[in-house]
1. Quick one: Debye curve from the alpha-carbon atoms of region 496-588 only, equal weights, vacuum; give me log10 I(q)/I(0) at q = 0.10 Å⁻¹ to two decimals.
2. Could you tell me the ratio Rg/Rh of the chain? Both radii from Cα atoms, Rh via Kirkwood.
3. Let me check against my output: what whole-number percent is the relative contact order of region 600-686, with C-alpha pairs under 8 Å and at least 6 apart?
4. Under 30 Å between alpha carbons, and skipping anything fewer than 8 positions from Lys522 in its own chain: which lysines qualify?
5. Using a/c under 1.5 as the rounded threshold, could you call region 377-502 rounded, prolate or oblate? The axes a ≥ b ≥ c are square roots of the C-alpha gyration tensor eigenvalues, and prolate needs a/b larger than b/c, oblate otherwise.
6. For region 1-132, what size does the Cα cloud have along each of its three principal axes, sorted from largest down, in whole Å?
7. Per 0.36 nm of contour for each residue apart, how much would the distance between Val621 and Ala679 grow if the chain were fully extended, relative to their Cα-Cα spacing?
8. So, R0 is 30 Å and r is the distance between the beta-carbons of Arg121 and Ser38; what FRET efficiency does that work out to, to 0.05?
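The values are calculated or read from the model by the stated rules, or taken from the named source; none is laboratory data. Quick caveat: nothing in here was measured; it's all calculated off a predicted structure. All Cβ positions, even for glycine, are placed from backbone atoms using ideal geometry, and neighbour counts span all protein chains on display. In case anyone asks, the SASA skips ligands and DNA or RNA and just uses the protein heavy atoms, side chains included. Shrake-Rupley method; radii C 1.70, N 1.55, O 1.52, S 1.80 Å.
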Amino acid sequence: MTLDALFRPRSVAVIGASRRRGSIGGELFHNLVSSGFSGPVYPVNPSTDAVQSVRAYPTLGAIPGDVDLAVLVVPRASVLAAVDECGAKGVKGLVVITAGFAETGAEGKALQDEVLKRVRRHGMRMLGPNGLGLLSTATKLNATFTPVWPPAGDVAFSSQSGALGVAILEHARELGLGIHHFVSVGNKADVSGNDLLEYWERDEGVRVILLYLESLGNPRRFLEIARRVSRVKPILVVKSGRTEAGARAASSHTGALAGLDVAVDALFGQAGVVRTDTIEELFDLALFLAHQPVPRGDRVAILTNAGGPGIMASDACESRRLALASLAPATEAGLRAFLPPEASLRNPVDMIASATPEAYERGVKLLLGDDGVDALMVLFVPPLPEQAGAVAEAIRRGALGASKPVITCFMGFHGLGDDALRLAKIPSYAFPEAAAGALARAVQYGRWRERPHGSVALRGPVSTAAARKIVARGRGERWLAASEVASILEAYGIATPASGFAASAAEAAALAARIGFPVAVKLASKTLTHKSDVGGVVLDVADEAGARAAFDAIRARLGSAGRANEMTGVVIQAMAPRGVETFVGVTQAAVYGPLLGFGLGGVAVEVWKDVVFRVHPLTDVDAREMLDQIRGRALLDGFRGSPVADREALVDALLRVSRLAGELPEIREMDINPLVACAPGRGVLAVDARIRIG
């Protein structure tokens, strides 16, 4: 059902409206009446004939006309009856301000579930409970109990914190950031952030979407929706709770490296959502994207009247991986024509302190006209405060008609610049670092938006049924045997070396001879998962005698540690061909589902922590980004004569692991380490792997 009943109602009733200003019911009703809403606003209060000079009704049913939206400001014990009353009246939208539901514990959660059941039975949509309400400047609807009314604009904001919402609206008003809709979602019993994203996707009045999140109720659906919405409208997020699972103990490399916040970053990155660390950074970026075009590249020109701030801006850009644009000779010649000899014509362009407003206008035009410039940052340090207005107006004139973003930094003016910049929709920041931070994130978003959509399709079939039979054996949590792991990988088209299990030294020698030398001899154990930590791996065994000796040596090492009874035997495995050792892992992240990691392999994977994560399902574009984003990516391309990795085979393997993790949710953790990437065209080989099911 559409959310128009919430954002575009023709009439509103406040159940629990109060005559007493300062109360929630009193302030909310006052805000609705005073905000300029064009439809009727009905107060419902059985104890009085009028509320704030407006005729009151004892019940919702007593209202003579239709009611599209009802706002509930009643005690918790009265909410169920009020919901049924709304259903009988034909109300389509509910805003439940009342608290005391799921946020209070099991009893409150049970009551909330009953409320939702009745809401859905009556065919209504509900915002809340336990929220601040909603606000729409488009329809002049202030169904909140905060008096703050922001300027109208094209930014939609959803906050999971009602208290923070008040501060958000105040800050938006101070900055002049135009708000289209503001929503405090409360407990999200019915209307969720995902619902709002889909609604705002279709709302032509929304250009930028801002979210303050404490949790994601349905991350898979969020990924699906946000991937689509981000193609046309930027989604900017502050997500709290970064350290919730940071100290979780885990028995696999993947589990040890991954935390809940890693999953959040992965999800946002795949969806094109731009995450900021603070509300201040969120607004910095919102000012940019609400008013300026998305940069086509990362080449920045800086125009200033002071050398120090120009250097600060250059450092801020380069530290955020923005490139200082190389100016064309024609641009430098144009600058030379009107700037004094002391000026610096190279980027950053320092026009020195005597720069006039006319110099700013000409400089802005020249730099924006340079094909090697993707964005322009203009700095102004006022030698005389009264010049600020004239410089702002000059910047506005110089930027007229430009298709490239322009941002400013008026140092000493708290970044506010002048009304001329606001009218021209040119954002202004207090310091270069904030301007560069916003620009860098805008570039990041632009790159994501231009990338291909990607595909999850695999080349060749997989045998899900065969793998499912293996994980279905037995009950409870367990580590799979090496042969079971190999069978699952091979069912999903991931090759493993020829191998087998041997329970004695004699069996090890005979098996090694059948496989063919050289071989690796590896500990088999249901309890010891990190084989190399206990001396459980012997490589390059050349003959049968060596296989016997390797078996005995592994058993002796365990015996000296008092753990010989944990050895069930050994796995004999053909030695892998030369290649690049990589690591692929899976862990189940709470709520987010399978989290996949990729990095360079070997025993040091946890030492270097050079691992990139994504959430399931992966596309081929996601997989290629994983290869490119590890710090050691040069080693995949034959660094200083080392082997070159088969990148396409690695991408294919990552897609297969993603498919495996999605279709076999019983897998709690999986490490493939190493996954040897052979020469281009030769594929990959899962040399060692382990899987825990539960």
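1. Those come out to -0.25, one per q.
2. In the chain, Rg relative to Rh is 1.08.
3. So the answer I get is 30 percent.
4. Lys469, Lys531, Lys609
5. Judged from the Cα gyration tensor, region 377-502 comes out prolate (a/c at least 1.5, a/b above b/c).
6. 41, 31, 24
7. This chain segment gains 18.7 nm when fully extended.
8. It comes out at approximately 0.45.
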